[in-house]
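Data block below; observations after.
The values are calculated or read from the model by the stated rules, or taken from the named source; none is laboratory data. Being a predicted model, the structure only gives us computed values, none of them experimental. Using ideal geometry, Cβ is built from the backbone for each residue, glycine included, and neighbour counts are taken over all protein chains shown. Remember, those area values only see protein heavy atoms, side chains included, never the ligands or the DNA or RNA. Shrake-Rupley method; radii C 1.70, N 1.55, O 1.52, S 1.80 Å.
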Amino acid sequence: MSLIDALPSPALRRRSWHPNSVLLCLSGVMLASAWLFSLVSVAPNRIVTGTSFGIVDAIGWPGAALISMLFMAIAALATVPSQGHYRAILGIIMLTLLLMPFGLMVAGHWLVDASMPQARLGIGAAYWTVLFVLLLCLVELRLRLGLSRWWPTLILSAIGAVWWGCAALWLGNLALVQEFQARDTQFYQAVKQHIALVSIAVGVSVVLGLLLAMLMRRYQRLQKVAFALLNFLQTIPSLALFGLLLAPLAWLGANVPMLAALGISGIGNAPALIALIAYSLLPMVRNTYIALEEVSVETLQAAKAMGMRTGQRFWQVRFPLALPVLLEGVRITAVQAVGLTAVAALIGAGGLGTFIFQGLGQAAMDMVLLGALPILILALMVDAGLGALADALRPGGQE
């Protein structure tokens, strides 16, 4: 047999060569966005609409060429995917994320007039699009490389520290930084309020969800009624639920001194917490009920044969085996609560939603971002942390 005959056929070679279409498409989107959309905008003050600038005007031809080469390198490596190429793409993405704040510094130095102290550098659509697509690339690489959910969080935390340092030291003319500097005390207070509301709501929903799931397993008739009620609560819009709670809570606060002493009123934390708990119960109860039911009968019978009592079988066998799925319910509940808590600002509960609605009222998008970006970061951290913990607790899960 000749050497030519020993080579794989063209059809077989085509079948063994599968470019990563996801990374190819994402790299194309980043390249097109960088060149077609505005990278930054410059405004003389907070009120006047800024002037948009493209990638060449913002960072010059060398910077534009470097960014384009990085995106094309991702596409080239994704054409012939392998573990080594995926690691190289991960390195390119990290380098791109590290270079992004320095690009803003270059744009600010070139475009912002130093003689105008009120001038502001805004972040354009190209910047946000590329940042969002880079995060999608990280998700794809995590799956391809089989990384724990902790790794993207650690990578983004390290890069976020670099961004924070750049913003604090050299990006004083950035509009987002100026909004933060003007209300930093209020911002930190809002973060504390937001985390406190989410923590209390999720903690109460976990306890209530576990109790309801156990009662539903014991009393089968309760299952349909409870799920029907929880599904109904989930369909009520958040603003409508806040409105429905306003009148009865205001009446209770005005007529029951004990409740008034506890701070119960039509606005504030009380209606916000009740609404958040109501929305959190469905995913919590559903996941807890499914988790407890999925434990195999053979395992429980083996525990019974070993002499374990009913309570011991539940807490030492059923509950530990159900814990990973239960934690997935906590993850879904917590991520949902982080986002819904923003709406609580409309009824005086505080939180990061305050900046979102103030910014919308003043047509100040940078103030909106001051509230929206921390909510996004909190949601990502909660999702990654609880997801990684659930994965680690599964049999054979990653450490």
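Structure notes:
- Residue within region 222-233 that is within 13 Å of residue 288 (Cα to Cα), open to solvent by 60 Å² or more (accessible area, probe 1.4 Å) and in the same structural domain as residue 315 (by TED's automatic domain parsing) present: no
- Options 59, 123, 92: the member that is farther than 22 Å from residue 173 by Cα and either buried (at least 17 other Cβ atoms within 10 Å of the Cβ) or touching a residue at least 40 places away in the same chain (Cβ under 8 Å) (or both): 92
- Residues located in region 304-344, provided they are of a type in the set (A, V, I, L, M, F, W, C) and either more than 30 Å from residue 194 (Cα to Cα) or without any contact (Cβ under 8 Å) to a residue 12 or more places away in the chain (or both): 305, 306, 308, 314, 315, 317, 319, 321
- In region 132-156, the residues that are under 14 Å from the mean Cα position of the chain (by Cα) and of a type in the set (Lys, Arg): 149
- Residue 295 falls short on exactly one of the conditions (1) under 24 Å from residue 242 (Cβ atoms); (2) open to solvent by less than 40 Å² (accessible area, probe 1.4 Å), and that condition is (1).
- Scanning region 174-192 for residues that are part of a helix (DSSP H, G or I) and open to solvent by less than 30 Å² (accessible area, probe 1.4 Å), we see that the one that is nearest to residue 112 (Cα to Cα) is 175.
- If you go through region 77-118 and keep only what is over 22 Å from residue 131 (Cβ atoms) and part of a helix (DSSP H, G or I), you end up with 79, 83, 84, 85.
- Of the criteria (1) touching a helix residue (DSSP H, G or I) at 6+ places or on another chain (Cβ under 8 Å); (2) surrounded by fewer than 19 Cβ atoms within 10 Å (Cβ to Cβ); (3) aromatic (Phe, Trp, Tyr), which one residue 71 fails: (2)
- Residue match in region 318-335 (condition: under 30 Å from residue 177 (Cβ atoms), assigned by TED's automatic domain parsing to the domain that holds residue 297 and under 22 Å from the mean Cα position of the chain (by Cα)): yes
- Residue in region 340-399 that is modelled with the lowest pLDDT, counting only those that are over 24 Å from residue 273 (Cα atoms) and in contact with a Gly (Cβ under 6 Å, 6 or more places away or on another chain): 391
- Index of the failed condition, residue 286 passing every other in (1) farther than 15 Å from residue 214 by Cα; (2) within 36 Å of the chain's Cα centre (by Cα); (3) not acidic (Asp, Glu): (1)
- Of the residues contained in region 145-167, none is found to be outside the structural domain of residue 58 (by TED's automatic domain parsing), assigned to a loop (DSSP other than H, G, I, E, B) and of a type in the set (Ser, Thr, Tyr).
- Test: residue in region 261-268 that is among the β-branched types (Val, Ile, Thr), farther than 23 Å from residue 293 by Cβ and open to solvent by 50 Å² or more (accessible area, probe 1.4 Å): yes
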